[in-house]
1. Based on other C-beta atoms within 10 Å, arrange 278, 246 from fewest to most.
2. In this model, which of 158/235; 159/203; 203/302; 10/104; 104/307 are farther than 30 Å apart at the alpha-carbon?
3. Quick one: 348, 81, fewest Cβ neighbours within 10 Å first, how do they rank?
4. Say a paramagnetic label sat at a point 7 Å from the Cα of residue 56, along Cα to Cβ; which residues of segment 109-149 have their backbone N under 20 Å from it?
5. Per residue of segment 123-128, in order, report the coupling 6.51 cos²θ - 1.76 cosθ + 1.60 (Karplus, θ = phi - 60°) as ³J(HN,Hα) in whole Hz, putting x for Gly and Pro.
6. Run the dipole for the chain about the Cα centre, Lys and Arg Cβ at +1, Asp and Glu Cβ at -1, nothing else charged, and hand back the magnitude in debye, nearest 20.
7. Using the charge dipole of segment 1-123 (Lys, Arg: +1 at Cβ; Asp, Glu: -1 at Cβ; taken about the Cα centre), state which of 63, 79, 111 has its Cα farthest towards the positive end.
8. Quick one: which residues, 5 or more positions from residue 58 or on another chain, have an amide H under 5 Å from its amide H? H modelled 1.01 Å from N in the peptide plane, none for Pro or chain starts.
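Every number here is computed from the coordinates shown, using simple stated rules; none is lab data. On a predicted model such as this, the values are computed, not experimentally measured, just so you know. Virtual Cβ from ideal backbone geometry, glycine too; neighbours counted across all protein chains shown.
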Amino acid sequence: MADNRTESFKAADLVIQLSSTPKTKPDVLTFGTAFTDHMLTIEWSVAEGWQTPLIKPFGNLSFHPACSSLHYGIQLFEGLKAYRGDDNQLRLFRPMLHMSRMAKSAERACLPAFDQSELLECIRRLVEIDQDWAPRSSTTGLYIRPTFIGTESSLGMKKPSHALLYVILCPVGSYFNTGEEALSLWADPKYTRAWKGGTGDCKMGGNYGCSLFAQYEAADHGCQQVLWLYGDDHKITEAGTMNMFLHWINEEGEEELATPPLDGIILPGVTRQSILELTRKWGEFEVTERYLTMSQLCSALKQQRVKEVFGSGTACMICPIGRIVYQGENLCLPAPDKDSKLTSRISKELTDIQHGRTPSDWTVLV
């Protein structure tokens, strides 16, 4: 007989308790502030294994004061979106990549394994139930936040014997309130987002909470986000919570789209992977994953070899970078002609896939 402690929950066992008091949907979408009527919860214990998945009315959670996720940060999360297409159908964008990344983060956090396909089906059912919350606009979406936390009720530092996996949803508009303006970044090597051997390649809350101090210092320098650097040669890693891309004429005189490699300190972004796959399929220029330093960027700017710099992520999708403050210097990045802008082209191709205008196996119908 199989050990029930290692068996995954099953979507077929899902219990659904519908809310009797639907909430009023917001007129204005501010990222992460309004939540749908229902949530998914799945409990686990080392003694009994995974419990029955439950969709229930959205509400607060209750924890023991010694809960290990509160004291030791034994927790992780994911972020994906459902998009309403022109045909009014909802589509999840590359959800199995998110499930795979979540499973990897769970292993690193010493949280129990789960069947990724079963979790995805539970999420699909949750989105289906709250589908009326998905905005009807090409610039909005329904944000899905799976979260996995250790709920060990002990101050002992150990692998949790209890855990909770839950999922909440919220309708969202633009992540940054900058309109059409490009972001400004503050680059100072005194702060490090992640390091070799750490958890920078996992989506854990501790990677984000510790960045707030630098974020506010960036604001003091007139910038909206932090450009995270690493090592003595000031390697470019990420911008805020985004992966970074540089479109330029490289040192060999070739047109290239480059992004830092997944070496353990870079989060393997789903939008990042999608951009790499899209642009490689075009075959129009070199598309590489390689180290980029601030020295290389500064030299390229002086020689007018930089075409565009932009960030990518699920929340923001594609975000142009217009300015970097580095070592007391204000580096102004070029703003290409609108018709030749790479970011516009990538955004359109991704949006067409997400909203069903371009058929693709990257989407899953709800």
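1. The most exposed by this proxy come first: 278, 246.
2. Among 158/235; 159/203; 203/302; 10/104; 104/307, the Cα-Cα distance tops 30 Å for 158/235; 203/302; 104/307.
3. 348, 81
4. Only 119, 122-130, 145-149 fall inside the zone, counting backbone N under 20 Å.
5. Here the 3J(HN,Hα) series is 5, 4, 5, 4, 5, 4 Hz.
6. The dipole of the chain has a size of about 500 debye.
7. Highest projection toward the positive end goes to 79.
8. It is 38, 39, by chain and number.
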